[in-house]
Amino acid sequence: VTSWGKVLDAGTGHGSMCWIVRHSPSTVDAVTAASSGKYSQRVAQAAASSSGAKVNVVLGNWRDEALLAGRLYDVVVSDFLIGAVEMFWPYAQDAMLARLTKLVRPGGYLLFLGLEPYDLLLAPKDPLRKVEALGDAAAMLAGAPSYREMPEAWVLRQLRGTPGFRVVSTRQFTSTLGPRYAQSQLEFAAEQAGKLDDPVLRAAILQRAAAMRTQAASFGGRGRNYAIVARREP
């Protein structure tokens, strides 16, 4: 296996870490803004330790201009990172992508994986759209940030407009959205509703989530993930 060389995992997690170490990197800098949960520094470090790879797990937020400033990498991995940007650096998806391109060495690669927003794939009255909307509404009312995925076309426009970068390859992957996905979204809605101070509003959202949960077994649809490989010209 050809080594990927010096790698940046820009939004690390167990999945991306396991994928990267299989490609024999010389070193990995793995960044997470989460201090707890499944994308936390502890989880990433555990995945790295089990692989024996030379990994430096960094707890930091990309809105900090000093974070890894001046470093260059052979491969920069953005594995479903852009959707989480809204939670840690609101309205900065374009700035986030610009930070990533500056960290790719000349001749190096940016590997970008993302999720096509469901509202571009599912009909407005699709039950899965309503499930997702309930969670978003509950989060907004609770004053909590939520994910905001960006379309593949948006990412391609940004990369093709970046001097010195060339899109090498793109690929789309169909995903199945079924009862399991619906239940996870309803759990998120209930969790956010629990943060509301207004008991009437809280009860209304919880009641709606409970009603939709009884119907979730019949929910189903198709999502789409995408992968983009871009190269910085030597």
| Length-normalised contact order for region 104-219 - Cα pairs under 8 Å, 6+ apart - percent | 31 percent
| remark: Under the 7 Å Cα-to-Cβ spin-label approximation, His23 and Lys102 lie apart by a distance in nanometres of 2.3 nm
| said: Which one, Leu110, Leu97, Ala211, is farthest towards the positive end of the dipole of the chain when Lys and Arg carry +1 and Asp and Glu -1 on their Cβ? | reply: Leu110
| Modelled FRET efficiency - R0 41 Å, Ala153 with Ser3, Cβ distances, 0.05 increments | 0.80
| task | Report, in degrees rounded to the nearest 10, the 0 to 90 angle that the Cα long axis of helix 93-102 makes with the longest principal axis of the chain. | result | 20 degrees
| request: Using only alpha carbon pairs under 8 Å that are at least six residues apart, calculate the relative contact order of region 52-152 and give it in whole percent. | output: 33 percent
| message | As I understand it, the value is the acute angle between the Cα axis of helix 41-51 and the longest principal axis of the Cα atoms of the chain; what does it come to in degrees, rounded to 10? | response | 50 degrees
| said: Which order do the peptides 161-172, 19-30, 138-149, 199-210 come out in when sorted by mean C-beta neighbours inside 10 angstrom, highest first? | reply: 19-30, 138-149, 199-210, 161-172
| With every protein chain left in place, what is the accessible area per residue of the chain in square angstrom, probe 1.4 Å? | 51 Å²
| task | With the full set of protein chains in place, find how many percent of the accessible area of the chain is carbon and sulfur; take the probe as 1.4 Å. | result | 52 percent
| task | Classify region 124-228 as rounded, prolate or oblate, taking a ≥ b ≥ c as the square roots of the eigenvalues of its Cα gyration tensor: rounded when a/c is under 1.5, otherwise prolate if a/b is larger than b/c and oblate if not. | result | oblate
| said: For Phe173, what accessible surface area do you get with a 1.4 Å probe? Give it in Å², rounded to 10. | reply: 80 Å²
| message | Among (1) 52; (2) 56; (3) 40, only one was calculated for this model; which label is it, if the read-out is percent of Cα pairs over 27 Å apart? | response | (3)
| note | In debye to the nearest 20, the charge dipole size for the chain, taken about the Cα centre with +1 at each Lys and Arg Cβ and -1 at each Asp and Glu Cβ, equals 520 debye
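The values are calculated or read from the model by the stated rules, or taken from the named source; none is laboratory data. These numbers come from a predicted model, not from an experiment. Note that each Cβ is placed from the backbone with ideal geometry, even for glycine, and that neighbours are counted across all protein chains shown. The accessibility values were calculated without ligands, DNA or RNA, using every heavy atom of the protein model including side chains. Shrake-Rupley method; radii C 1.70, N 1.55, O 1.52, S 1.80 Å.
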